[in-house]
Amino acid sequence: MQDLENLYLRDKKYIADTYTRIKLEPDYGEGCYLTDANGDKYLDMYSGISVNLAGHSEESIVNAIAQQSGRYIHLSNNFICRPAVELAEILVNNSFAEKVFFTNSGTEANEAAIKLARKYGKSKAKEKAKILSAYNSFHGRTMGSLSLTAQVKYQESFKPLVGDIDYFEYNNAEDLEKKFSDDVCAVFIELIQGEGGIVQADKLFLEKLSVLSEKYDFLIIADEIQTGLGRTGKFLACEHFDIKPDVVTLAKGLGGGLPIGAALLGNRCKDIFSKGDHGSTFAPNPVASAAGVAALKIILEDGFLEDINKKHEYLVYSLKQLQNLYPEIIKDIRGKGLMLGIDAGEFAQIIKEKAFENKLLLNVTAGKIIRLLPALNISYEEMNKFIQIFNYIISEKI
Ligand SMILES: Cc1ncc(COP(=O)(O)O)c(C=O)c1O
């Protein structure tokens, strides 16, 4: 305890104070659990904010990391990197994409997509540079992605932002149309807003986006950094919706826990970037790529995605039973696959705190939404344990 307290103080002293820490120093992770130095096991219901798709320290991922780092850890982009080629091939073979541009993170994947969109626009007309994104969205924290992230709390201190970006109200087809002109080169959209509180795009809105894309020549860029790679029960969330993106951005679990991001490029934009247009010293890191190949092999195993949908049904059914008992606490349950939001209003934060006392790790987003993003291979036993602790906390009338 003394040691943990000391580490906590050193963390505060030496690391810039941009995150709120839970007072837990995990000793090791295994599947859906994190264990501390005392041997206390915590059930992790958000898997590193959706990074550890196959749970903590999954064996085939650990082995892939060990093997690849024994061969080489980094190459410059002057060389052919086998694990990167393999990762790109898996992404292309399982999606609409024809090529992949690799980055190190989600925000960088969106930065790449911004540059791509601007180059696409310029190839059509000099003024075609405007990019649209939604209010309440989250696209990352570097200046381009931040400029797309239309939330005052993220943007205000960092103005001026990147120019020629405008915002529409999510799920408001009329407002989207109002913002359009021939100058628009791209629309960025999260098909389910994650950070914004698990808010799903509706059918009419996406229909309007598709109609507009026939009238005006622009790229539809789906930010699937949170929704992609099986999280919603499909390899990409866009498969649930009647929408054909030109670009999908990915990161989170793409490297099996190691940092890597990607922009998946469809037919219309696969050759927009030419030599020297964009690049990175580090991306794609070979070890992250090898770990990513191992992670994607798990997600693409026969029946794995179908199982996610069954787990969704089971969790939603169990949570709805609790909602019937405690409607004043659980106001809404929403989401797809294993990306679920429980609207607990003013109770969300206290539930999170009580959960920690009961060795359950929960994440809260948008102030009032308990966001569940467990490992995709979570077992029924683990889901039952979550429901049991959650039930216990809310039945205590907090
Ligand atoms: C939808 C979405 N876009 C972009 C990002 C930024 O990704 P990163 O933190 O890897 O830069 C996130 C991260 O949470 C995200 O959820």
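FYI, it's all coordinate maths here, none of it is from the lab. Remember, predicted model here, so these are calculated numbers, not experimental data. Cβ atoms come from the backbone with ideal geometry, glycine included; neighbour counts cover every protein chain shown.
For this structure, a couple of remarks:
- Gyration tensor verdict on segment 164-280 (Cα atoms; rounded if a/c is under 1.5, prolate if a/b is larger than b/c, oblate otherwise): oblate
- Taking all Cα pairs closer than 8 Å and separated by 6 or more residues, the relative contact order of segment 60-299 comes to 30 percent.
- The order of the peptides 340-352, 243-255 by mean Cβ neighbours within 10 Å, most packed first, is 243-255, 340-352.
- Magnitude of the charge dipole, segment 39-187, Cβ model with Lys/Arg +1 and Asp/Glu -1, debye to 20: 620 debye
- Rounded to the nearest whole angstrom, the semi-axes of the ellipsoid equivalent to segment 65-140, taken from the Cα gyration tensor as √(5λ), stand at 31, 15, 13, largest first.
- Among the listed pairs K23/K352; K130/K275; K153/K252; K99/K130, those with a Cα-Cα distance over 18 Å are K130/K275; K153/K252; K99/K130.
- When only the Cβ of Lys, Arg, Asp and Glu is charged (+1, +1, -1, -1), the dipole of the chain relative to its Cα centre reaches about 760 debye.
- As a rough footprinting exposure proxy, the listed residues M383, M1, M339, M143 were ranked by other beta carbons within 10 Å of their own, and the order from fewest upward is M1, M143, M383, M339.
- Beta bridges by DSSP in segment 60-299, antiparallel share as percent, to the nearest 5: 40 percent
- Each peptide among 229-240, 10-21 gets the average number of other Cβ atoms lying within 10 Å of its residues, and from highest to lowest they stand as 229-240, 10-21.
- For the chain, alpha-carbon Rg over 2.2 N^0.38 Å: 0.99
- Residue-wise HN-Hα couplings along segment 196-201, as the Karplus relation 6.51 cos²θ - 1.76 cosθ + 1.60 with θ = phi - 60° gives them from phi, are x, x, 6, 10, 9, 5 Hz; Gly and Pro carry x.
- The convex hull built on the alpha-carbon positions of segment 240-398 has an orientation-averaged projected area of 12.2 nm².
- Cut-off under 5 Å, modelled amide H: who pairs with Y33 long-range: D44, H56
- The chain: most fluctuating residue of N267, N377, N309 per GNM, C-alpha cutoff 10 Å: N267
- Between the residues I299, F390, L91, the greatest Cα displacement towards the positive end of the dipole of the chain, with unit charges on the Cβ of Lys, Arg, Asp and Glu, is found for L91.
- Cα centre as origin, Lys/Arg/Asp/Glu Cβ charges: segment 21-95 dipole, Debye: 280 debye
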